[in-house]
Amino acid sequence: MLQQHGEVQVRAGTEADLPALTDLYNHYIRETCITFDLEPFTPEQRRPWLLSHPQDGPHRLLVAQEATDRMKNPHNGPVGGPSTGAEASGDGHTADSGAGHEAALGARHGAASGTGHGAASGAGHAAASGAGRPDGALLGYATSSAFRPKAAYAPSVEVTVYCAPHGAGRGVGTLLYKALFEALADEDVHRAYAGITQPNEASTRLHTRFGFRHIGTFTEVGRKFGRYWDVAWYQKDLG
């Protein structure tokens, strides 16, 4: 799948994206409570997570990247194909704020895949002036992953979005979620779930906009940065 939205391209993630995806996720491990992972990963450690998201089926990995000059100008050649450079992305709870920053969340609590809870904000980082946004740079990613390992859970997925700090204020989270749910429309998926570390108003707005409803909150379910965090769970009905 390949979609072009102005200067942002949304496509399936590939192994070439692994170093950048790992860097992005590690940023949120070190700096935020959005994911409940505590230690950064190497790309090799994250490879099983990437390989668990094929380019078809219910478990997807979509990435958003800055369009290259060739992508922006179709006269220079066809648009499409995977990026050959490293890009960045991670896995945790999703949020998308139009107020000058993006939020990323939706993931699995402390799972081996590296998912966590919360929203990733780009506030205070690169502004909309375009600084730090070279052609082809990874702007974020979204995933749908197995909700639980037991077989009867197969029609349910857990979703997440992470946005790079230099992609702030561009609606990247919205573009990724839109593409993800379009991809899932033809799959045997009945429910989508997202966990949001509290507080996170931006993530709540994003999920509400996509039809998620709050179904409950796990109080003080995780400990990071010397304090306990609540995680609110949201459900979207599909199929």
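The values are calculated or read from the model by the stated rules, or taken from the named source; none is laboratory data. In this text the structure is predicted, and so the values were computed from the model without any measurement. A quick note on method: Cβ atoms are made from the backbone with ideal geometry, for glycine too, and the neighbour counts reach across all protein chains shown. The protein model used for the area step is the full one, side chains on, heavy atoms only, and it has no ligands, DNA or RNA in it. Shrake-Rupley method; radii C 1.70, N 1.55, O 1.52, S 1.80 Å.
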(request) Filter the stretch 20-47 down to residues that are in a loop (DSSP other than H, G, I, E, B) and either more than 14 Å from VAL161 (Cα to Cα) or open to solvent by 10 Å² or more (accessible area, probe 1.4 Å) (or both), then give me how many there are. (result) 9
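Across the stretch 137-152, which residue is most open to solvent (accessible area, probe 1.4 Å) among those that are within 11 Å of HIS59 (Cα to Cα), among the hydrophobic types (A, V, I, L, M, F, W, C) and out of contact with any Ser or Thr (no Cβ under 6 Å at 6 or more places or on another chain)?
Narrowing the stretch 137-152 to residues within 11 Å of HIS59 (Cα to Cα): 142-147.
Add one more test, that the residue is among the hydrophobic types (A, V, I, L, M, F, W, C), and what stays is 142, 146-147.
With out of contact with any Ser or Thr (no Cβ under 6 Å at 6 or more places or on another chain) added as a condition, the list becomes 142, 146.
Values: ALA142: 0, ALA146: 34 Å².
The extreme case among them is ALA146.
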(request) Among the residues of the stretch 153-176, count how many are crowded, with 24+ Cβ neighbours inside 10 Å and either of a type in the set (Ser, Thr, Tyr) or within 15 Å of LEU21 (Cβ to Cβ) (or both). (result) 8
(request) Taking the residues in the stretch 199-238 that are aromatic (Phe, Trp, Tyr) and open to solvent by 100 Å² or more (accessible area, probe 1.4 Å) as candidates, determine which candidate is nearest to ILE29 (Cα to Cα). (result) PHE225
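Are any residues in the stretch 1-19 under 17 Å from VAL161 (Cβ atoms) and part of a strand (DSSP E or B), and if so, which ones?
GLN3, HIS5, VAL8, GLN9, VAL10, ARG11, ALA12, listed by residue number.
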(request) Could you check, for the stretch 179-189, whether at least one of its residues is aromatic (Phe, Trp, Tyr), assigned to a strand (DSSP E or B), modelled with pLDDT of 95 or more and surrounded by fewer than 24 Cβ atoms within 10 Å (Cβ to Cβ)? (result) no
(request) Look at GLY226 and say whether it is closer than 23 Å to PRO40 by Cα, touching a residue at least 24 places away in the same chain (Cβ under 8 Å) and out of contact with any Leu (no Cβ under 7 Å at 6 or more places or on another chain). (result) no
(message) Take the residues in the stretch 1-19 that are crowded, with 18+ Cβ neighbours inside 10 Å and hydrophobic (A, V, I, L, M, F, W, C); name whichever of them is modelled with the lowest pLDDT.
(response) VAL8
